[in-house]
């Protein structure tokens, strides 16, 4: 495309040149507008339509308009000359169109030149402007007006001609100023063509107006070759721009000595012309030479300052670059120190620094809770599955814990091979850390499939709080670690809060154990009962017996404090029989007093089921109090022994043979829940409170409960949901066709006499 375009412009120019020589107006008046129209198209597409740079686009638009006005002028010239056979020089329409060419060309190059000039030194631009203005004034005065003020005044009579000359002078001067302003830049070929075209046009136009002013212009003379050539330069520049897409203006390599001022030598052209045409004795020669010498001195001084400033700028950039690199490397090192290699979490070092800063900046009402999280049996997992698999498992575990951390706006760090520390800060209750720990256990305790191995992962969590039970960051982590050890002694997936008053867990456990050995059940323990009602209409169906340990001062020891100890020490067996007899006797009493038959749910430990006398004693107690077996329900909690111990399965089957129903507590939270539905003689499942809490708004909890109910009903098993605390939860369970519900929305656990009154009322 480029070669064809250049060839076409060359052929047109030769034809135009031959037309001028042969004085063939038909050829010149047709070829001239053809050249300008092609140049207009090239500039329009190259610098306007396909240009993204705003300055070039705007400058190109005015240049295209300028060329288009020349095309219009040439067309009108040809019409007036060839058709009307009138001298077009005195046609005002053509004159104004030609003036518009000068005006828009001046605007175009001023816009482009200004964008380049303003990047340079303001002082240097000022000097360049002064010397160029002086040179042009001297040139015009000496060679155009011949040092005659009357000739200069005569130009005022033709306003359009005067303004056109002024535009030509401004264009030429602006080109010269721009040329000097970009001393240290290398102009691409595209700019060369455009600048040559602009300068050639302005020079040709000045010569035209000189001849016009002195009435020596001959239409279709060889002077018009300058106009045609200028538009060909524009067109070729547009073609190059279309093929190049961008204008890559590059800095030159640094030059030294006087060579770097070689562009300034163009100013010597005027003294040379003065010498050739006016002689060396003319006073204007000495004026111009003196001004140029002063200009060179000031330019050298200015350029040296610019050069020094550039060196300082580059040195500053280099120093900043070095500083940035040092900072980047420092950040990388700090990041490595602050990041655990295996999990990608924060490191122990970062955690300790962060805790120190948190403790120092803590507000009055704020607290810091530290959760010390340990993945159980990690060394056994490494031994069984290898280091690579174990580390992959650890990464996945870390990812899940991190989700909980993000949800609570906490900071999670790796703290040892299989330990994590979660830091929480804010204004919250003392039990908040325990709630987060239980949420973490629920979310992360699972069977993980790693490299085709199913690996069960459990946790223990210890919680410590600053400043409630710790004085400094070190003590905060130590106490959380101690609390974790206490949780581990209770079992897996347990969370424990550090208790400053009681000290470590062993002391607390021993104290509870000693109390249990001395306690009289009838004096220390009482049973509370929580109603279980129909999901459809809220009518009472049964109650669940819940043990409470009341101290002499009237306060209670929480069941989770002493039940695990009774399990560990075996005291749960005698205590369980006491609970069973107390609950069944109470059921018989209520029936006698209220004349109402309700069901009694009794929680039974796995260790009780192992006892060979369990079924016999259960049967005997029911017979003693004349309670029908179908009014008794045994609640069991998930335990691995329920799956692996065949004797325990036999015990459950014998219980069913008595007519006593069996319920699975906390259904939906253990990995073996579906196993119970399929393989155990279960009559009822109790949907865990964790799934009920958000059933009306959590899609997944709602789906799990729906599926559990559907599966249970397909097996003919009843479903009861525990932990119902709102009407919305009740309504959601109604929609899911749950059978029974239990929770604070209907009644809290209450002593026997209160429940007796409750039964009478309903």
Taking Cα centroids, how far is the stretch 684-751 from the stretch 272-329 in Å?
-> 87 Å
Between the Cα axis of helix 92-117 and the main Cα principal axis of the chain, the angle (0 to 90°, nearest 10) is 50 degrees
For the stretch 305-379, what does the alpha-carbon gyration tensor say about shape, rounded, prolate or oblate, given a ≥ b ≥ c as the root eigenvalues, a/c under 1.5 as rounded, and a/b over b/c as prolate?
-> oblate
Nearest-0.05 FRET efficiency for residue 513 and residue 628, computed from C-beta distance (R0 45 Å) = 0.75
Rounded to the nearest 0.05, what FRET efficiency do residue 407 and residue 122 have when you use their Cβ-Cβ distance and R0 = 56 Å?
-> 0.45
So what is the calculated 222 nm ellipticity per residue for the chain, using -39500 (n - 2.57) for each DSSP H run with n of 4 or more, over all residues, to the nearest 500 deg cm²/dmol?
-> -19500 deg cm²/dmol
Cα shape, the stretch 516-761, gyration tensor, a/c 1.5 rule = rounded
In degrees, nearest ten, helix 614-624 long axis to first principal axis of the chain (Cα) = 60 degrees
So residue 471 and residue 713, fully extended at 0.36 nm per residue minus their Cα-Cα distance, gain in nm 81.6 nm
Taking the Cα centre of each part, how many Å lie between the stretch 344-388 and the stretch 530-595?
-> 39 Å
Relative contact order, percent, the chain [alpha-carbon distance under 8 Å, six or more residues apart] = 8 percent
Quick one: helix 505-518 against the long Cα principal axis of the chain, what's the angle to the nearest 10°, folded into 0 to 90?
-> 20 degrees
Protection proxy ranking, peptides 304-314, 379-389, 103-113, average beta carbon neighbours within 10 Å, highest first = 103-113, 379-389, 304-314
Quickly rank 78-86, 534-542 as a protection proxy: mean count of other C-beta atoms within 10 Å, highest first.
-> 534-542, 78-86
Where both partners of a DSSP beta bridge lie in the chain, what percent of those bridges are antiparallel, to the nearest 5?
-> 60 percent
With a/c under 1.5 counting as rounded, go ahead and sort the stretch 2-246 into rounded, prolate or oblate using the C-alpha gyration tensor (a ≥ b ≥ c being the square roots of the eigenvalues; past the cut-off, prolate if a/b is larger than b/c, else oblate).
-> oblate
Treat the count of other C-beta atoms within 10 Å as a stand-in for reagent exposure and order 192, 146 from fewest to most.
-> 146, 192
Burial ranking of peptide ranges 581-590, 400-409 (average Cβ count within 10 Å, highest at the top) | 581-590, 400-409
Could you tell me which label, among [x] 1.17; [y] 0.97; [z] 1.38, carries the value of Rg/Rh (Cα atoms, Kirkwood Rh) calculated for this structure?
-> [z]
Of all DSSP beta bridges in the stretch 516-761, what percent run antiparallel (nearest 5)?
-> 40 percent
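Each value in this text was obtained by applying a stated rule to the coordinates, not by laboratory testing. All values reported here derive from a predicted model rather than from experimental measurement. Cβ: placed from backbone, ideal geometry, glycine included. Neighbour counts: every protein chain shown.
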